[in-house]
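In what follows, a single structure is set out as structure tokens and then discussed.
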Amino acid sequence: MAAAAGLVVLSIAAHAAGDASESPSVPEEPAEEALAVVEVKRALDAVARELASGSTELTLSFADTFDWVRTTTGEWVRGDIDWMRDNTMEFDSEEFGPLEINMREVAEVHSPTTNTYVFADRSSLVGPAMITNEHVVIRTEAGVVDRPRGELLWIIDGGTRELDHWSLTVDLGLGLNRGNSSQADINMRVGIIREDRRTVSELGYLLNLGYADREVNVTRHVLGFSNRLWLTRIWFVEPIVGQLLSDRFQDIRFRAQPAAAAGLRFLYRPSRVFWDLAVGAGYQYLRLFGPLAGIENPQHDGLTRFETRARIDFTPDVYMTLSWVTNLTFTALGNTNHTGFAEIFFEVTNILNLQASLLYLRTKDPPPREGGTFPVKNDYFFTLGVSIQLG
């Protein structure tokens with residue numbers, strides 16, 4: 001986490017011996033701060049001993065009304081878990097305020113509050129819980145359940161508020177060049193995501209603007225959308241997925257590519273990497289600004305969609321996302337198009353990242369314009385900027 005190295009909350013040189021209370025209840029009042037971390041550690045140690053013994057009747061005894069997180073560097077933080085998603089936990093610390101902690105930096109969790117825990121097979125369990133290096137132990141209404149920590153996908157605060165399922169990302173980038181010619185490039189992207197235990201819905205808008213010697217030379221609008229339904233921990237379907245695009249200097253007034261697809265999570269390593277592959281079929285509507293006489297406008301094509309997405313976490317504060325989509329228009333191969341997007345993020349605070357991104361667009365054989373010229377086949381857009389993430 002970005003602020004972890006500077007945290008010195010409470011450390012333990014020694015702790016009292018003895019088993020935690022067998023009572024599964026949560027204390028009515030918060031524990032005294034001077035003693036709370038000792039009692040919390042005793043409670044976590046008691047669970048670890050039961051797990052190591054192979055006991056089939058686990059008990060959970062909580063030592064405080066607050067959530068506690070111990071980082072891999074031995075620091076303890078007291079407060080409330082807001083959520084955990086994409087291997088990142090947002091923790092509202094009593095002393096430091098909101099913190100974002102990569103799960104690779106979380107050694108143990110003591111959470112007496114009722115949260116929803118969602119796992120890789122899209123099952124969910126609700127209740128207070130403790131997390132160790134390898135286990136998630138949850139006290140549900142049906143009893144105490146032990147699940148592997150490597151299968152934990154999300155933690156939803158309480159799991160009852162609709163707002164807990166939503167997140168918002170805003171990326172802003174600017175490039176300037178002045179010399180023999182003056183060039184300015186502006187990039188803005190807004191992404192909205194809704195996630196629950198089985199579905200992930202995404203809507204993203206991208207705006208690229210470019211100015212050269214005070215003349216506009218890039219005007220591009222891209223709207224991407226998808227709805228993913230997980231069938232198992234590996235397989236998923238996308239009943240609706242696609243892209244809307246308008247690009248004045250590619251001579252595309254409007255291009256729509258709705259499709260349906262199915263795929264699988266080809267590679268998954270918690271807190272390190274995932275890689276998805278999908279294939280589907282759809283339809284392409286293409287209206288040009290001004291083609292040569294005799295060229296059909298608009299054009300209607302069937303397409304086969306190939307898509308891959310990946311995320312790589314290099315460190316808890318640095319990660320990369322990659323995506324590639326090929327729309328093979330089998331009714332008119334010249335209209336086949338590709339979209340590639342790569343981003344790398346450097347976490348600065350719990351909501352602010354530095355960002356570098358590369359957008360690549362290609363059309364196999366773009367139709368000629370009214371004046372007889374051809375748009376370029378390959379289009380690149382590189383920006384540096386900031387990314388703001390909320391929720």
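Of all residues in the stretch 104-130, those that are touching a helix residue (DSSP H, G or I) at 6+ places or on another chain (Cβ under 6 Å), part of a strand (DSSP E or B) and of a type outside the set (Asp, Glu) total 3. Within the stretch 251-305, being open to solvent by 20 Å² or more (accessible area, probe 1.4 Å) and within 30 Å of ARG104 (Cα to Cα) holds for LEU264, ARG265, PHE266, LEU267, TYR268, ARG269, PRO270, ARG272, VAL273, PHE274, TRP275, LEU277. Residue pairs whose Cβ atoms lie under 7 Å apart, sitting 6 or more positions apart in sequence or on different chains, and linking a residue in the stretch 238-263 that is of a type in the set (S, T, N, Q) to a partner that is outside any strand (DSSP E or B) and modelled with pLDDT under 95, are GLN250/PRO366; GLN250/PRO375.
For the stretch 138-187, taking the residues that are over 20 Å from the mean Cα position of the chain (by Cα) and of a type in the set (Val, Ile, Thr), the one that is modelled with the lowest pLDDT is identified as THR160. Cβ separations smaller than 9 Å between residues 6+ apart or across chains give the following pairs from the stretch 92-104 residues that are under 25 Å from GLY150 (Cα atoms) and in contact (Cβ under 8 Å) with a residue 12 or more places away in the chain to residues that are of a type in the set (D, E, K, R) and open to solvent by less than 20 Å² (accessible area, probe 1.4 Å): ASP92/ASP67; ASN102/ASP313; ARG104/ASP313. For the stretch 131-169, the set of residues classified as surrounded by fewer than 15 Cβ atoms within 10 Å (Cβ to Cβ), within 18 Å of GLU195 (Cα to Cα) and either touching a helix residue (DSSP H, G or I) at 6+ places or on another chain (Cβ under 6 Å) or of a type in the set (A, V, I, L, M, F, W, C) (or both) consists of LEU163, TRP166, LEU168, listed by residue number.
In this structure, does ALA310 turn out to be within 30 Å of GLU105 (Cβ to Cβ), of a type in the set (A, V, I, L, M, F, W, C) and either assigned to a strand (DSSP E or B) or free of Cβ contacts under 8 Å to residues at least 40 places away in the same chain (or both)? Against the criterion (within 30 Å of GLU105 (Cβ to Cβ), of a type in the set (A, V, I, L, M, F, W, C) and either assigned to a strand (DSSP E or B) or free of Cβ contacts under 8 Å to residues at least 40 places away in the same chain (or both)), ALA310 qualifies. Of the residues making up the stretch 58-97, those that are farther than 16 Å from VAL26 by Cβ and part of a loop (DSSP other than H, G, I, E, B) number 10.
Against the condition out of contact with any helix residue (DSSP H, G or I) (no Cβ under 9 Å at 6 or more places or on another chain), buried (at least 18 other Cβ atoms within 10 Å of the Cβ) and aliphatic (A, V, I, L, M), how does VAL318 come out, does it pass? No.
Could you tell me which residue of the stretch 245-261 is modelled with the lowest pLDDT, considering only residues that are of a type in the set (A, V, I, L, M) and touching a Leu at 6+ places or on another chain (Cβ under 9 Å)? Working first, answer last.
Initially, the stretch 245-261 is screened for residues of a type in the set (A, V, I, L, M), giving 245, 252, 256, 259-261.
Still in the running and touching a Leu at 6+ places or on another chain (Cβ under 9 Å): 245, 252, 256, 259.
On the way: LEU245: 95, ILE252: 91, ALA256: 97, ALA259: 98.
If we take residues in the stretch 245-261 being of a type in the set (A, V, I, L, M) and touching a Leu at 6+ places or on another chain (Cβ under 9 Å), then ILE252 is modelled with the lowest pLDDT.
A single member of LEU267, LEU231 is more than 30 Å from PHE289 (Cβ to Cβ) and under 17 Å from the mean Cα position of the chain (by Cα), and it is LEU267. Across the stretch 324-383, the number of residues qualifying as open to solvent by 20 Å² or more (accessible area, probe 1.4 Å) and touching a helix residue (DSSP H, G or I) at 6+ places or on another chain (Cβ under 6 Å) comes to 2.
Residues that are modelled with pLDDT of 80 or more and closer than 22 Å to MET103 by Cβ within the stretch 3-51 comprise VAL37, VAL40, LYS41, ALA43, LEU44, ASP45, VAL47, ALA48, LEU51, listed in sequence order.
Listed by first and then second residue, the pairs with beta-carbon distance under 7 Å, at least 6 apart or on different chains, first residue in the stretch 373-391 and at pLDDT 85 or above, second open to solvent by 90 Å² or more (accessible area, probe 1.4 Å) and among the aliphatic types (A, V, I, L, M), are GLY385/LEU174.
For TYR205, the conditions (1) assigned to a strand (DSSP E or B); (2) open to solvent by 60 Å² or more (accessible area, probe 1.4 Å); (3) more than 17 Å from TRP324 (Cα to Cα) are fulfilled apart from (3).
To keep it simple, each residue is scored yes or no on (1) touching a residue at least 60 places away in the same chain (Cβ under 8 Å); (2) farther than 30 Å from GLY74 by Cβ.
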{"residue": "MET130", "(1), (2)": "yes, no"}
{"residue": "ARG139", "(1), (2)": "yes, no"}
{"residue": "GLY143", "(1), (2)": "no, yes"}
{"residue": "ARG147", "(1), (2)": "no, no"}
{"residue": "ILE155", "(1), (2)": "yes, no"}
{"residue": "LEU163", "(1), (2)": "yes, yes"}
{"residue": "ASP171", "(1), (2)": "yes, yes"}
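Within the stretch 362-380, work out how many residues are of a type outside the set (Val, Ile, Thr), in contact with a Lys or Arg (Cβ under 8 Å, 6 or more places away or on another chain) and not in a loop (DSSP other than H, G, I, E, B). Total meeting the criteria: 3.
The values are calculated or read from the model by the stated rules, or taken from the named source; none is laboratory data. In this text, all values refer to a predicted model and were calculated from it rather than measured experimentally. Positions of Cβ are generated from backbone atoms using ideal geometry, with glycine treated the same way; all protein chains shown enter the neighbour counts. Areas reflect the complete protein model, heavy atoms only, side chains present, ligands, DNA and RNA absent. Shrake-Rupley method; radii C 1.70, N 1.55, O 1.52, S 1.80 Å.
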